[in-house]
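A short worksheet on the structure shown next.
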Amino acid sequence: MLEAMFAALSDLLTVQHLIYMVVGVVVGLSVGIFPGLGGIAGLSLLLPFIYGMDPTSALAMLIGLVAVIPTSDTFASVLMGIPGSSASQATVLDGFPMSRQGQAARALAAAFASSLFGGLLGAVILTGFVLIARPLILLFTSAELFMLSLFGLSMVGVLSGRSLAKGLGACGLGLVLGSVGGAPATGEFRMIFGTDYLYDGVPLVIVGLGLFAVPEIVDLLRRDQAISSEGGLGAGWFDGLRDWWRNLWLSLRCASLGTIIGAIPGLGGSVVDWLAYGHAMQSEKNTENFGKGDVRGVIAPESANNAKEGGGLLPTLMFGIPGSGSMAVFLGGMVLIGIEPGPSMVTTNLDVTYTIIWSLALANVIGAGLCIVLAQPIARLTTIPFPQLAPFMIAVISFAAFQATRSLADLVALLVVGVIGVFMRRFGWPRPALLIGFVLAAQSETYLYQAVQFYGWQFILRPGCLILLALILLSVWYGMRNRVDDSAQDELRADIDDLPSTGMGGLRTRLPQILFALFAGAIFVMAFADSLQHSFLGRVFPMAMAIAGFLAICLLLFQLATNGNRHGVSQDTESLNEYATDPGAGTLWAGMGWIASLVALSALVGFFAAMLVFFVVFLTVRAKTGPVKTIVLTAAAAAFVLILSDALNLRFPEGLLQAYLRLPWPFG
């Protein structure tokens, strides 16, 4: 073992290895800063270049990229309110409000310190556990993995605000949405409604961007000002570091949680940041500022999402079982350069294993340092008037969205989910609860089916399941005890533009919420009706989720119809009062109209041509920029998209025009 460690150390410190690692880190930074792409796109970009390289150099590049993306994706989450990747969605909840309060520097410093600590801790845990991890991982069967999925769902209570009915309803919507497509047990296609696009389900990147990015863009367009309300970055770099140090115990707990979750095959990294965020809200005192700019809401998920990369290497190296999508591509890269994962990684190839682990730690240090260097110029984006920044952000999320299936339907799905996200934000429905339900739906159903098939319903009596059940009950108890109380908010007033004039003050305020709740109830009814068309194994999960969600909606409607304020329903909203008192900033739906116009133009003339027209019209009409500046900004956006699409070998979605005319690339 010592001989393997010394061999790994000698490989790690060679100039060639360090150079290739820095190359991987730089590529990872570039991909991570670009919202919505994440590690899968970055690793896919590197794979063609590593073919034929020696294994040590190729691994250095791959590890450099894997290590830094959970750090660099913080820029988009904090500065723009757009999740940089699926593992940085929880960071948006508090990081973006801090940026809008002029504390971008403080949020970024706390995030980078937490990311560095999480990455290093993950590597340290890996170093010590690499030899004993095999029997531990084998203890997790489908029964224990199902209980872990329930543990993730138990976070819904703590993320529901004052209205548990809204939280349960949102989670139910996520579970139903996650059930769209093929049933794990039988392969039957559910809730596709004759649409080919839905056969594989709704992509995660669409749901994440629609729930979090679109509502923020719409709201910032309504405000018509820079992202940062202070007009500057704030002098909080050292404050952020001190925040992390004061919350070191929280960072340690969340990093450990991230390593454990990352090491469990199949659970993936899409939920680890929410688990860490929920744990912070459960275990910390004075949680009333969570979701409004609490630095602990940045430290917790950022500590976990970097540590989970280290944990994800365990099943990837030991069994060849990737713990996430990025680990699946990393596994393909290992095979491509001639390294076969499996038991040999802890015997004959132990030196390679330690080289990978320690490269991960060193890449985290390099990546965090580069992020700090780049933070100042990147963070200045928050001071740009948002109408000038908006077309870039809309183009970016659209580009990221059609990475899912590379079709126009991706943009349509983004628009639909975005509208739902806007309503949820407006009426105080917890969007994280929907996302958690969506992420955990497919694997919860799969693990439940497998557990019952292998062990019967007695699987719940397995020792591991009983331990996890105790943790779930403890989580629910903490969550209900420490849920955020919004009772100090002012009485909400209705949006004059959108509410009908009923003459009944309380009902005028609650009527739009009642209509949205009825819409959610209709979705559950459709899911229930669709489930009746399938076999027992294909119907039982969506049917149960539809019934549970419908009951939550019935409870919510009762609360709204009787006395919403007493139940914390009408008051539990993020911005309804602001919409009512800010008539000069334009209507809520103007922003959605601009996004819809890009989708409609793309359906007519293809995405690239639509983007050019959209930029010119938006900058001229909405941002009121001059012709020279409009041309320069449009050309810069076009060049950026073309370079990125060429690197990713991407074909732009085509429109009706391309069906009749044969156009050259990139228009056809």
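Order the following by accessible area, largest value first: Cys554, Cys171. Probe radius 1.4 Å; ligands, DNA and RNA are ignored. Mind showing how you got there, number by number?
Numbers: Cys554 60, Cys171 15 Å².
I get Cys554, Cys171, largest accessible area first.
Applied to segment 96-101, the Karplus parametrisation 6.51 cos²θ - 1.76 cosθ + 1.60 on θ = phi - 60° returns per-residue 3J(HN,Hα) values of 5, x, 5, 5, 5, 8 Hz, with x for Gly and Pro.
The figure for Tyr199 is an accessible area of roughly 80 square angstrom, using a 1.4 Å probe on the protein chains alone.
Amide H to amide H distances under 5 Å link Arg190 with Gly181, Gly182, Ala183, where only residues 5 or more positions off or on other chains count and H is placed in the peptide plane. Each of the peptides 238-245, 108-115 was scored by the mean count of other Cβ atoms within 10 Å over its residues; in descending order, highest first, they stand as 108-115, 238-245. Sorting the segments 385-396, 612-623 by their residues' average number of neighbouring beta-carbon atoms within 10 angstrom, most packed first, yields 385-396, 612-623. Per-residue Karplus couplings for segment 613-624, computed as 6.51 cos²θ - 1.76 cosθ + 1.60 with θ equal to phi - 60°, are listed in order as 5, 4, 4, 4, 5, 5, 5, 6, 7, 8, 8, 6 Hz, Gly and Pro entered as x. Scalar couplings 3J(HN,Hα) for segment 603-611, obtained by applying the Karplus form with A = 6.51, B = -1.76, C = 1.60 to θ = phi - 60°, are 5, 8, 10, x, 5, 5, 5, 4, 5 Hz; x denotes Gly and Pro. Computed packing ranks the peptides 465-476, 430-441 as 430-441, 465-476, most packed first, by mean other Cβ atoms within 10 Å. Distant-in-sequence amide contacts of Ile384, defined by a placed amide H-H separation under 5 Å and a gap of 5 or more residues or a different chain, comprise Ile227.
The values are calculated or read from the model by the stated rules, or taken from the named source; none is laboratory data. These figures come from a predicted structure and were not determined experimentally. Cβ coordinates were reconstructed from backbone atoms using ideal geometry, including for glycine residues, and neighbour counts include every protein chain displayed. Quick note on the areas: whole protein, heavy atoms, side chains included, nothing else; ligands and nucleic acids left out. Shrake-Rupley method; radii C 1.70, N 1.55, O 1.52, S 1.80 Å.
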